[in-house]
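Heads up: the structure comes next, in structure tokens.
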Amino acid sequence: MIPPKTPLVGVIGKTNVGKSTFFSAATLIQVKIENRPFVTIEPNIGVGYVRTLCVHSILKLSRCDPQNSICLKGYRFIPVKLIDVAGLIRDAHKGRGLGNKFLDDLRQADVLLHIVDVSGSTDEEGNYVGVGRHDPLVDIEAIEFEIDEWFYSVISRDWVRLSRTLDTLPYDKAVEYLTQKLSGISIRKEHIVRAIKDVRLDNTKFTSWREEELRMFAKSLRSISKPIVIVANKMDLPGAEDNLVRIRRELPDRIVIPTSAEYELALRRASKSGLIDYLPGDSRFTVVRGDVLTPKQREVLQRIEDFMRRYGGTGVQEVLNTAIFNTLNMITVYPVEDANKLTDSRGNILPDAYLVPRGTTTLELAYMVHTDLGKGFLYAVLAKDKKRVGSDYVLNDGDIVKIVSALAHG
């Protein structure tokens, strides 16, 4: 089976906020982690995983045989792609600090993770100034301004001529034409429709949009097509808690997740070495080889344990899950070929877990699995209760689905 498009998560932020540490913790790919600006020049691309309770565990089956994902202790870990771009600085949208290149790396991203040094230990340029010496709220506003300005620069390019063309077309056709023009930054038709309504421009001519309206539209379109999750990193440092409270007070409508990427990376490395038993996303860990731990290691693990008790984990897995399941509003479904045995043609039980947008229909899933299945779609079977449904059935999280098609491949 061919999986649907893997969500692309962009990791953004200024230099020296822990982006590379977060990326390593989320993917376990080793990247350069240094305390200086522009250490990350080329974007790092890796695979992270979202975590959800595996349906085999829910159904109390003895096992599953994941092919496109991983199942650990009853939890299915489903891959998502992460891209970590170099640190952004003020006026990046104007090309400062190679900003245009860095921003262009985010063109295909579906959601952005803004890594913020919530301890306030780095200035706007990413230089270390000491804990509590800088306001992280300034960073949140500055980086989002750069992203929004970049979006505006893309949309406003040749707008006068483009708007004249749009006004000659019926509204639906105009939206489709604009979608095509903006496809390079991964814009979909529904994004444009929502953004136009959001800024109340749906009853206006495109040529009537002044700079103010165009900026409003660009900002709305960015927030809809590339929403941002704020990662309040370095929560393990002094003063971070007060800043977190203030950020949540000042930005009550934003998603802000307290995180220590450094602690998560330490746990994953310790788990990989067999020193502890830890599953990413757990709220605790268990020491397995306490006899070989040094006093320093014990001290670090104790600090991490205290942190996890306070915040329910390190935050890294919560960030990924929130970005995919909440911000992008995706669900997990399990396509199978045998609705009775819940297997594929090779006998693998619950082989694939697909991340699909909430609202996906069985027909849309059929096309995701294979174009021929969609073209020849007859009906689908919900394997849990052996219920037959049509092409317009809207899938629910955890559905196990067999597609019946006239063009099914044997």
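Could you put Cys54, Cys71, Cys64 in order, starting from the residue whose Cβ has the fewest other Cβ atoms within 10 Å?
Numbers: Cys54 26, Cys71 19, Cys64 23.
Ascending number of Cβ neighbours within 10 Å: Cys71, Cys64, Cys54.
So which helices of the chain fit the span-like rule, where a helix is a whole DSSP H run, its Cα atoms reach 27 Å or more along the axis, and its mean Kyte-Doolittle is at least 0.0? Intermediate results must be reported in sequence, preceding the final value.
On the way: long enough: 136-156 (30 Å, 0.53).
In the chain, the long hydrophobic H runs are 136-156.
According to a simple spin-label model (label point 7 Å from Cα along Cα-to-Cβ), what is the distance in nm between Asp202 and Asp306?
5.4 nm
Checking the a/c ratio against 1.5 first, then a/b against b/c, what shape does the Cα gyration tensor give for segment 236-311? Don't skip to the answer; put the middle values down first.
Values: a/c = 3.39, a/b = 2.24, b/c = 1.52.
Taking the square roots of the gyration eigenvalues as a ≥ b ≥ c, segment 236-311 is prolate.
Quick one: putting +1 on the C-beta of Lys and Arg, -1 on the C-beta of Asp and Glu, what dipole do you get for the chain around its Cα centre, in Debye to the nearest 20? Mind dumping the intermediate values first?
Working: 57 positive and 53 negative charges, 153 e Å.
So the dipole magnitude of the chain works out to roughly 740 debye.
Please tell me which of these pairs span more than 20 angstrom C-alpha to C-alpha: Lys341/Lys402; Lys60/Lys81; Lys73/Lys272; Lys341/Lys387; Lys5/Lys386? List each step's numbers first, then the result.
Numbers: Lys341/Lys402 11 Å; Lys60/Lys81 30 Å; Lys73/Lys272 16 Å; Lys341/Lys387 15 Å; Lys5/Lys386 28 Å.
Lys60/Lys81; Lys5/Lys386, as the Cα separations exceed 20 Å there.
Let's test the formula: R0 of 22 Å, r as the Cβ-Cβ distance of Ser153 and Arg194. What FRET efficiency results, to the nearest 0.05? Can you show the working numbers first?
Working: r = 21 Å, r/R0 = 0.97.
FRET efficiency, Ser153 to Arg194: 0.55.
Before rounding to the nearest 500, sum -39500 (n - 2.57) across all DSSP H runs of length at least 4 in the chain and divide by the residue total; then give [θ] at 222 nm in deg cm²/dmol. Let's see the in-between values first.
Working: 14 runs with 144 residues, N = 410.
Taking each H run of at least 4 residues, the total per residue is -10500 deg cm²/dmol.
Taking a ≥ b ≥ c as the square roots of the eigenvalues of the Cα gyration tensor of segment 150-221, is the shape rounded (a/c under 1.5), prolate (a/b larger than b/c) or oblate? Write out the running numbers ahead of the final one.
Working: a/c = 1.13, a/b = 1.06, b/c = 1.07.
It comes out rounded by the Cα gyration axes.
Taking amide H positions as placed in the peptide plane 1.01 Å from N, state which residues far from Val50 in sequence (5 or more) or on other chains have amide H under 5 Å from it.
Distant-sequence amide H within range of Val50: Ile78, Val80.
Which of Lys296, Lys81 has the fewest other C-beta atoms within 10 Å, and how do the rest follow up to the most? Could you put the intermediate results ahead of the total?
Numbers: Lys296 8, Lys81 18.
Going from sparsest to densest Cβ surroundings: Lys296, Lys81.
Using θ = phi - 60° and the Karplus form 6.51 cos²θ - 1.76 cosθ + 1.60, what ³J(HN,Hα) does each residue of segment 110-116 get, whole Hz, x for Gly and Pro?
Result, ordered by residue: 9, 8, 10, 9, 8, 7, 10 Hz.
Please work out whether the chain counts as rounded, prolate or oblate from its C-alpha gyration tensor, where a ≥ b ≥ c are the square roots of the eigenvalues and a/c under 1.5 means rounded, while otherwise a/b larger than b/c means prolate and anything else oblate? Show your work: numbers first, answer last.
Numbers: a/c = 2.25, a/b = 1.03, b/c = 2.19.
Taking the square roots of the gyration eigenvalues as a ≥ b ≥ c, the chain is oblate.
Whole percent per 10 Å bin, from 0 to the bin with the longest distance: what is P(r) over all C-alpha pairs of segment 332-405?
Calculated P(r), rounded to whole percents: 22, 61, 17.
Throughout, read-outs are computed from the coordinates displayed, never taken from laboratory work. Keep in mind that what you see is a predicted model, and the values were worked out from it rather than measured. No Cβ is skipped: glycine too gets one built from the backbone with ideal geometry, and neighbour counts run over all protein chains shown.
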